[in-house]
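Student: Structure below; questions to follow.
Bear in mind that the values in this text are calculations on the coordinates, not laboratory data. Just so it is clear, the structure is predicted and the values come from calculations on it, not from any experiment. Cβ: placed from backbone, ideal geometry, glycine included. Neighbour counts: every protein chain shown.
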Amino acid sequence: MRETQPVIAYRLPHNLRSELKKPLGKLYPQNTIREEIHRELIKPAEKIITVGDVITRNLLDTGVTINLAVIDGKTERTRSIPPIDFQEDHRVASVQNPPATITEELINALKNALLEKKPAVIVVDGEEDLAVLPAVLLSPATSIVMYGQPGIGGVLVRVDDALREKVKMLLERMQV
């Protein structure tokens, strides 16, 4: 266990929680997500990023190559799930990120992983949900970021300037 506390860059205020529960992109129901993902991936993407254990496992099970996965070993914040078996060539980073926050450590790990040519995995001690926001902001244009929508399915967003602007505005409301 680490002795130092992580530096919080952003904290989710209560008045923003309901807004962030709305999907940032196209929501795919759980029963159609695999076929819809493959349909969407026909269009080229600079990078494919997943945030969440279940969505990551779904993509890997269908043979999709993920450039960056952000996971925490849990689903819906409490239930532990079996470890995801990544290929040996993935670079792995471990970070602390308490619930309802985005730490500087997480942001730096995302930056470093997105610069890598090799696939990367960020294992979060805490909660990975909000990693979607800096992942969108830091990803190259045309990248795909996918994340789980608990109990419903998965959300797919294609990174562009309009989405980045929306994320910047959300992060401004979360500054510590």
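Student: Using only the alpha carbon atoms of the chain, find the Kirkwood hydrodynamic radius as the inverse mean reciprocal pair distance, in angstroms to one decimal.
Tutor: After inverting the mean inverse Cα-Cα distance, the result is 16.2 Å.
Student: Obtain the nm distance between the two label points defined at R39 and D161 by a simple spin-label model: each point lies 7 Å from its Cα along the Cα-to-C-beta direction.
Tutor: With each label placed 7 Å out from Cα toward Cβ, I get 3.0 nm.
Student: Please state the charge dipole magnitude for region 26-172, taken about the Cα centre, from unit charges on C-beta atoms (+1 on K and R, -1 on D and E), reported in debye and rounded to the nearest 20.
Tutor: 320 debye
Student: Pairs of lysine in region 26-172 with Cα under 17 Å and at least 8 positions apart or on different chains: total?
Tutor: On the way: K26/K43; K26/K166; K47/K111; K47/K117; K47/K118; K111/K168.
Summing the qualifying lysine pairs gives 6.
Student: Report the local net charge at T32: Lys and Arg +1, Asp and Glu -1, summed over other residues whose C-beta lies under 12 Å from its C-beta.
Tutor: Local net charge: 0.
Student: Treating cross-link reach as a plain straight distance, find the aspartates and glutamates whose alpha-carbon is under 20 Å from the alpha-carbon of K22, omitting any fewer than eight places away in the same chain.
Tutor: Counting by Cα, and skipping residues close in sequence, K22 has these aspartates and glutamates nearby: E36, D53, E76, E127, E128, D129, D160, D161, E165, E172.
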